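Q: Just passing along the structure, written as structure tokens.
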Amino acid sequence: MNVIKVRSELNKGKTIYDLELNVGYYARVSTDKSDQLNSLENQEKYFREMIGENKSWHLVGEYIDEGISGTQVKKRDNFLKMINDAKNGLIDLIITKEISRFSRNVIDSIKYTEELLNNGCVVYFLSDNINTIYPDSEFRLTLMSSLAQDEVRKLSERVKFGIKRMIKDGKIIGSSLTGYYRKNGQLIVNENEKEIIEILFNLYATGKYSFSYISNILEDKGYLSKTGKKYSITTLKKMLQNPRYKGYYTANLSYIESYKTHKKVKVPEKERIIYKDANIPAIVSEELWNKANEIYQQKKSIISNNNLNKQKLLNSKYSGKIRCRDHAYYIRKNKYYWVCSKHLKEGICNMPMIKEKVLDSYLLSILIKRIDTKEIEKDLINKYIDIINKNSVANINNINNKKLELNRNKDKLIELNLNNIISNEELKLRLNKIEKELNNLKIDSINNNDRLIIIKNNIHKLIDIKNNLDMYINLLINKIVVQKENKLEISFKDNSEEIIILEN
């Protein structure tokens, strides 16, 4: 769409309904409850009929997001697809019910409508009677978006207040819980699901069975999750750690950091509300619950330590580089020594153990002889000087080009005004905007000499072989083959080789 041309047509008395346009519509509901889905169906029906009744309009896209919050655009796949289609010239006009359906975030509302307008696509918010084709729409959109965002904030505050009252009254907070059903804010044991919890705790408390095994047992017995699939390991872990199953009340375990991001943050243990509650019927005994969770924490600690140790080994500069001539790769015995894996596992290799510090010393000596760090430092500094000079020139050229472009835009606006295409008021507003942009254009003020001093210091640190031995070994050495009698054959990535004999 040519926005300026369309505005000229509207100024002559035409309406948006008289123009030949490719039209898409956007609909969204924030939950998947039946009443909301019915609302979505009504929106779709209304939009199709509205577009169909206008012979000049052509329906080119239906974009619908179900059960998605309006505060975060990144989670709305169809919304983002619609924006992309509009940028590619497929849509001239987007119709949506109201600003709160489009976005409840002021910044997003303005950002996307402006982005669309720059790409020749306008948005018509029916209930709010705002069409971004008109010059005053940005002000009205900002106002209405602010009100929509504030409504979300108020709703969030009301929910928080309600939760506090529920905690004070000892009422259960949260969604449905396997093994129970809710009645008047209290938990009642669900006899049809009770056995799921009993199987989980009884098997896990033996210390013999994994969550995966327990999930399979539950599936064999016909117990599946709400989605009709077998219970996931993550779900079983959460169930095992839930104190409600031993008759405890829990609240204030986490909170939503911001109504804009919906990010959930865990509350520190000291601030959590957990206490034995006679109103919550226990499915398992406190003794069984404690035993199962003690085993879980022990296993979690072992896994965590193993992963940490594995990570330390994987991060070593010699991992995958030292090899036994007769067998396999050397592995780290501890933080001091490397040994053939066959010897460590089966005791069948007589190749020597290698002390890491000794190997470091030999390789440092070899690398210092092979690498002319002064020449590298000089070459890098010269390259950075060229980059700095080129960037300075490019920065000045970019600013000058931008100034020329803005001044051309000023001339075009004045011409449009003289031809009565835009009003004096709009001309004044847009010229003021251009003047602000011109005033904001500044040449980079950082002194090039200061920048060069910083770069020189960083380069000097980087090429220091002793302090960056790990980096040089990974970059330059291909493998180290261990021979008998402490002989090492070092292969470099440039296909050269060196032999060293380690001292006993």
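The values are calculated or read from the model by the stated rules, or taken from the named source; none is laboratory data. In this text, all values refer to a predicted model and were calculated from it rather than measured experimentally. Cβ: placed from backbone, ideal geometry, glycine included. Neighbour counts: every protein chain shown.
Q: With the checklist (1) assigned to a helix (DSSP H, G or I); (2) modelled with pLDDT of 85 or more; (3) β-branched (Val, Ile, Thr) in hand, flag the one item THR178 doesn't pass.
A: Tallying (1) assigned to a helix (DSSP H, G or I); (2) modelled with pLDDT of 85 or more; (3) β-branched (Val, Ile, Thr), THR178 fails exactly one: (1).
Q: Could you grab me the full set of residues in segment 201-249 that are in contact with a helix residue (DSSP H, G or I) (Cβ under 9 Å, 6 or more places away or on another chain), over 25 Å from TYR275 (Cα atoms) and hydroxyl-bearing (Ser, Thr, Tyr)?
A: Across segment 201-249, the qualifying residues are THR206, TYR209, SER210, SER212, TYR213, SER215, TYR223, SER225, TYR231, SER232.
Q: What number goes with the only condition from (1) within 42 Å of the chain's Cα centre (by Cα); (2) in contact (Cβ under 8 Å) with a residue 40 or more places away in the chain that ASN334 does not pass?
A: (2)
Q: Oh, and also: Kindly state which helices (runs of 4 or more DSSP H) lie completely within segment 1-108 and contain at least 3 residues that are at pLDDT below 80 and farther than 30 Å from ASN409 by Cα.
A: Qualifying helices (runs of 4 or more DSSP H): 34-53, 99-102.
Q: From the residues in segment 466-490 that are in the same structural domain as LEU364 (by TED's automatic domain parsing) and basic (Lys, Arg), which one is farthest from LYS317 (Cα to Cα)?
A: Of everything passing the filter in segment 466-490, LYS484 is farthest from LYS317 (Cα to Cα).
Q: Moving on to the next point. Has segment 298-311 got any residue that is under 26 Å from PHE211 (Cβ atoms) and either modelled with pLDDT of 90 or more or hydroxyl-bearing (Ser, Thr, Tyr) (or both)?
A: The answer is yes; a qualifying residue exists.
Q: Oh, and also: Out of the residues in segment 470-494 that are of a type in the set (D, E, K, R) and within 26 Å of ASN350 (Cα to Cα), which is farthest from the chain's Cα centre (by Cα)?
A: GLU485
Q: Six or more apart or on different chains, Cβ under 9 Å: which pairs go from a residue in segment 195-213 that's farther than 19 Å from GLU294 by Cβ and aromatic (Phe, Trp, Tyr) to one that's modelled with pLDDT under 90 and in a loop (DSSP other than H, G, I, E, B)? Could you list them?
A: No pair meets every condition.
Q: Continuing with this model, one more query. Tell me, please, whether a residue that is within 22 Å of TYR330 (Cα to Cα) and out of contact with any Pro (no Cβ under 7 Å at 6 or more places or on another chain) can be found in segment 458-465.
A: No: segment 458-465 contains no residue that is within 22 Å of TYR330 (Cα to Cα) and out of contact with any Pro (no Cβ under 7 Å at 6 or more places or on another chain).
Q: Also: Taking the criterion of being in a helix (DSSP H, G or I), in contact with a Gly (Cβ under 9 Å, 6 or more places away or on another chain) and modelled with pLDDT under 80, would at least one residue in segment 184-205 satisfy it?
A: no
Q: Return the pair list, or none, for Cβ contacts closer than 7 Å from residues in segment 263-284 that are surrounded by 10 or more Cβ atoms within 10 Å (Cβ to Cβ) and outside any strand (DSSP E or B) to residues that are at pLDDT 65 or above and among the charged types (D, E, K, R), at least 6 apart or on different chains.
A: That search, which allows pairs on different chains as well, returns ILE280/ARG244; ALA282/LYS246; ILE283/LYS194; ILE283/GLU198; VAL284/GLU198; VAL284/LYS246.
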